[in-house]
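Written out below as structure tokens is the structure these notes cover.
The values are calculated or read from the model by the stated rules, or taken from the named source; none is laboratory data. What you see is a predicted model, and the numbers here were worked out from it, not measured in a lab. Cβ atoms come from the backbone with ideal geometry, glycine included; neighbour counts cover every protein chain shown. Quick note on the areas: whole protein, heavy atoms, side chains included, nothing else; ligands and nucleic acids left out. Shrake-Rupley method; radii C 1.70, N 1.55, O 1.52, S 1.80 Å.
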Amino acid sequence: MIKKIFLFFLIWKLLTLLISYFSEKFIPYLGFFPYKEELLKFNLPKFIYSLANFDGVHYLQIAQNGYSQFQQAFFPLYPILIKIFNPVFNNYLLTGLFMSNLFFFFGLIFFVKYLQLIDKKINWQQTLLFLLVFPTSFFFGNLYTEGLFFFLFTGFLYFLKKENYFLIIIFSILASLTRLIGVFFIILIFFNLIKIIKNSKLKIKNLILAFSPLIGFLIYCFYLWKTTGNPLMFFHSQPAFGANRSTNIIILPQVIFRYIKIFFTAQFNFQYFISLFEFLTFFLVLIVLTFDFFIQLKFNKNLKLKIKNYDFLGLNLFSLANLILPTLTGTFSSIPRYSLFSLSLFIYIGNLKNSFLKTGLLIIFLIFQIIIFGFFVQGYFVS
């Protein structure tokens, strides 16, 4: 099994490196992000250092110098690990890329093991295939938190199923120190507790477990309060990075209306294409997750609701929360990247019976990944 997973990973990695290498031959360089000149200091080929475009530069700066103004939007675990392991390579950028890819590979192993635990009938090969060809999967191997968080997320799922409470707590804390969505592991723990309650095995340690995802988040909030006086500085600094994010809560219908207005009034250019890409990705994921949600529910003859699989339902609701949460800032910006952690999407698509539909989606995903990644490497904001 591990050999097959490594083969999947290796082919995906080679493909992304080839796209990165050849993109400059077809796409003019834009470099539309601040501090891009910082990447030149690491003395690496362009197709390598470009994997740290946009947010990657901020993680490198935090790892080297600590937080500066507004960089509190980036959670701390990833840059801390880059700093700790930098002596191995003596190059912060190489250290970050190596970590991202290593964590992602081990995350794939955890993911497959988890799938086999919850349902041996799941086609894990095709589930992995759709994850790897998804248009934004290249972020797993970039100098971003995606690879690390995927490892913590899938490791958490695996140990939750194994009921290894110590490691569940550790992975929960580390996940919520990596990304805000780590707090929503509470959803997954809640559905695990429902099963325990049904079996009359609920204990005090289970209740402690339920709140463990908050610990890492509260640690970071305490740090922000001590250093900036604002425990929610990670949220209030969002507008400084553009993407039209709001610090006021915007409900989903307003966001949809905003995008429809853009499509009828905005100039047709690259930003228009990205907005359309974000919009379509959101609704693709939402539709699939909605179908998957209702599959997990069934009614008996007395119309009493029953849940087919608590694991699948918990993962589905987490996937929905992961999709909806970013839209509360008033935009679908980066939704294609955030969708990577709506894992129910890939499980559902990977196990479709319609081979024609699956082949079509596979081709569309792959084409979009080549295009989107090519533009990302050349300094265009894509997600």
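Observations on the structure shown:
- Hey, Y259 open to solvent by 30 Å² or more (accessible area, probe 1.4 Å) and either more than 21 Å from I122 (Cβ to Cβ) or part of a helix (DSSP H, G or I) (or both) or not: no
- Cβ-Cβ under 6 Å pairs, at least 6 apart or on other chains, segment 211-223 side hydroxyl-bearing (S, T, Y), far side part of a helix (DSSP H, G or I) and open to solvent by 10 Å² or more (accessible area, probe 1.4 Å): S212/I169
- Boolean, L14 is touching a residue at least 24 places away in the same chain (Cβ under 8 Å) and on the phi < 0 side of the Ramachandran plot: no
Let's see how each residue does on (1) of a type in the set (D, E); (2) buried (at least 21 other Cβ atoms within 10 Å of the Cβ):
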| residue | (1), (2) |
| --- | --- |
| Q116 | no, no |
| D119 | yes, no |
| W124 | no, yes |
| F134 | no, yes |
| S137 | no, yes |
| L143 | no, yes |
| G147 | no, yes |
| F153 | no, yes |
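- Any pair with Cβ under 6 angstrom, 6 or more apart, that starts in segment 333-351 at a residue that is free of Cβ contacts under 8 Å to residues at least 60 places away in the same chain and on the phi > 0 side of the Ramachandran plot and ends at one that is outside any helix (DSSP H, G or I) and open to solvent by less than 10 Å² (accessible area, probe 1.4 Å): none
- Hits in segment 23-63 - residues which are open to solvent by 70 Å² or more (accessible area, probe 1.4 Å), in a helix (DSSP H, G or I) and touching a residue at least 12 places away in the same chain (Cβ under 8 Å): E24, K36
- Put simply, of I186, I170 the only residue that is touching a Pro at 6+ places or on another chain (Cβ under 6 Å) and open to solvent by 50 Å² or more (accessible area, probe 1.4 Å) is I186.
- Residue satisfying condition, being modelled with pLDDT of 80 or more and open to solvent by 50 Å² or more (accessible area, probe 1.4 Å), within set F191, F222, F241: F222
- Scan of segment 303-322 for residues that are farther than 19 Å from F111 by Cβ and either assigned to a loop (DSSP other than H, G, I, E, B) or of a type in the set (D, E, K, R) (or both), ordered by number: L303, K304, K306, K308
- Matching residues, segment 337-360, being open to solvent by 50 Å² or more (accessible area, probe 1.4 Å) and more than 18 Å from N322 (Cβ to Cβ): K353, N354, S355, F356, L357, T359
- Every residue from segment 323-363 that is of a type outside the set (G, A, S), part of a helix (DSSP H, G or I) and closer than 12 Å to T281 by Cα: L323, I335, P336, R337, Y338, L340, L345
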